[in-house]
Amino acid sequence: MTKELLEKYLNNRCTSQEVEEIILWMQQQSFFSESKKFGEIDWQHFKEDDVVSDEKLDSLLDKIHHKLNIEEPRTVQIKNNRLLHWISKAAAVILIPVLAYLLYTISENNRLTNQITTVTIDSLEVIAPVGSRTVVELSDGSVVHLNYGSRLKYPQNFLGESRGVALTGEGYFEVAHNPDKPFVVNTGRINIRALGTVFNVNAYSESNCISTTLIKGKVIVEKTKNNGNIETIKELIPSQHVEYEKNTGVVKSSLEQVEKYIAWKDGKLVFENESIDQVAKKLSRMFNVEIQVDKGVKEYKYTVTFVDEPLFQILELLSVATPINYRALPRIKNPDGTFSKQRILIERNK
């Protein structure tokens, strides 16, 4: 068996006869010194190189899994574990004995162990589907409520000097206190940093605004500048609401009743002197529909609270309060057999 043949197999360039030869060698010879020799050579090369990227590793492992499942699905099994970080440098990666041998070598190298500790963090993601809310408890005891259509990415265990999560959508955070490890919510452009507190973050990707509302404790709103430096935008006090406009960078701050910003977690939909456009945007996101507002009713504003009301009942109540009419437009069948999103038109009552 040669290293060149193994590389040829990995790159899908083997003939049927060569594939049979490799599988036979895997079954009968892979525990012996030849496989360890391949591993020792590649390990020496690896120690001199930089750590490979996660993207390259994932691509290579997918390729290995695919080939093994096709050629001989019961011969070997390889788990996609980031402890196999160096795998793109090893010619004999398809062999369990070789992997075991090199993993043993890695365990004795303190420098690489520290790097592996970082990349082996299990990244988890929770998604709140349209029409439902979700609650997740993190490993540090913090609790996060997710609003409709929101998603939260977080590690299974918080390592390093901070507790970092990534939010798309809206989340209500009850952060476990830890003065030695701040809790950081990343929304892409803006970070919200806290030690132990309760706050709400609204950061839907389609919105031009990222907002933070502090209920209890203290949070700092930060912005990552183009040069990588962190700039503090605002340090909030309880009952303070801060909005950051993505397009302009303008920051607005106000002290007010916070109930309308956090009522969603209890199933309430609160509008306080909000335009019909703002109402339509919230209803569209909440019920996964597309609501179009006619220019003739743009001036109407609403102060009202709904509690777990269905969409058409909400629209009916709005039409009672103001002279508007609503109608559901026919859904269009797509070429793949699915139907377009439900569209609703709101216009002046004639």
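The values are calculated or read from the model by the stated rules, or taken from the named source; none is laboratory data. Quantities reported herein were computed from a predicted structural model and do not represent experimental measurements. Because the Cβ atoms are built from the backbone with ideal geometry, glycine has one as well, and the counts that use them run over all protein chains shown. Please note that ligands, DNA and RNA were not included when accessible areas were found on the heavy atoms of the full protein model with its side chains. Shrake-Rupley method; radii C 1.70, N 1.55, O 1.52, S 1.80 Å.
When residues of the stretch 295-350 are filtered for being touching a Lys or Arg at 6+ places or on another chain (Cβ under 6 Å), over 15 Å from F271 (Cβ atoms) and part of a strand (DSSP E or B), how many remain?
3
Filter the stretch 199-222 down to the residues that are farther than 13 Å from Y261 by Cα and either touching a strand residue (DSSP E or B) at 6+ places or on another chain (Cβ under 8 Å) or buried (at least 18 other Cβ atoms within 10 Å of the Cβ) (or both) and list them by number.
Y204, S205, N208, C209, K216, G217, K218, V219, I220, V221, E222
Go through the stretch 303-327 and give me each residue that's open to solvent by 90 Å² or more (accessible area, probe 1.4 Å) and touching a residue at least 24 places away in the same chain (Cβ under 8 Å).
Correct list: T303, D308.
With more than 30 Å from the chain's Cα centre (by Cα) and closer than 28 Å to Y172 by Cβ as the only criterion, which of I262, I314, I332 stands out? Explain how you work it out, then say what you get.
On the way: I262 fails: more than 30 Å from the chain's Cα centre (by Cα); I332 fails: closer than 28 Å to Y172 by Cβ.
The match here is I314.
Considering (1) free of Cβ contacts under 8 Å to residues at least 60 places away in the same chain; (2) buried (at least 19 other Cβ atoms within 10 Å of the Cβ), say which one Y261 fails and leave the rest.
(1)
Kindly provide the set of residues from the stretch 271-281 that are open to solvent by 70 Å² or more (accessible area, probe 1.4 Å) and assigned to a helix (DSSP H, G or I), ordered by number.
Answer for the stretch 271-281, where residues must be open to solvent by 70 Å² or more (accessible area, probe 1.4 Å) and assigned to a helix (DSSP H, G or I): Q278, K281.
Only residues that are assigned to a loop (DSSP other than H, G, I, E, B), open to solvent by 20 Å² or more (accessible area, probe 1.4 Å) and on the phi < 0 side of the Ramachandran plot: list them for the stretch 160-179, please.
Result: E161, S162, A176, H177, N178, P179.
Look at the stretch 127-159 and say how many of its residues are touching a residue at least 24 places away in the same chain (Cβ under 8 Å), over 25 Å from L311 (Cβ atoms) and either buried (at least 20 other Cβ atoms within 10 Å of the Cβ) or not polar (S, T, N, Q) (or both).
Going through the stretch 127-159 one residue at a time, the tally reaches 11.
Within the stretch 149-159, track down each residue that is at pLDDT 90 or above, closer than 30 Å to F287 by Cβ and assigned to a loop (DSSP other than H, G, I, E, B).
S150
Those residues that are closer than 24 Å to T248 by Cα, without any contact (Cβ under 8 Å) to a residue 24 or more places away in the chain and among the aliphatic types (A, V, I, L, M), I need them from the stretch 182-220; list them, please.
Of everything in the stretch 182-220, those that are closer than 24 Å to T248 by Cα, without any contact (Cβ under 8 Å) to a residue 24 or more places away in the chain and among the aliphatic types (A, V, I, L, M) turn out to be V184, V185.
Across the stretch 328-348, what is the number of residues that are open to solvent by 90 Å² or more (accessible area, probe 1.4 Å) and under 29 Å from A263 (Cβ atoms)?
Total meeting the criteria: 1.
Out of the residues in the stretch 223-252 that are closer than 22 Å to G196 by Cα and surrounded by fewer than 13 Cβ atoms within 10 Å (Cβ to Cβ), which is nearest to the chain's Cα centre (by Cα)?
Per the criteria, the residue is I230.
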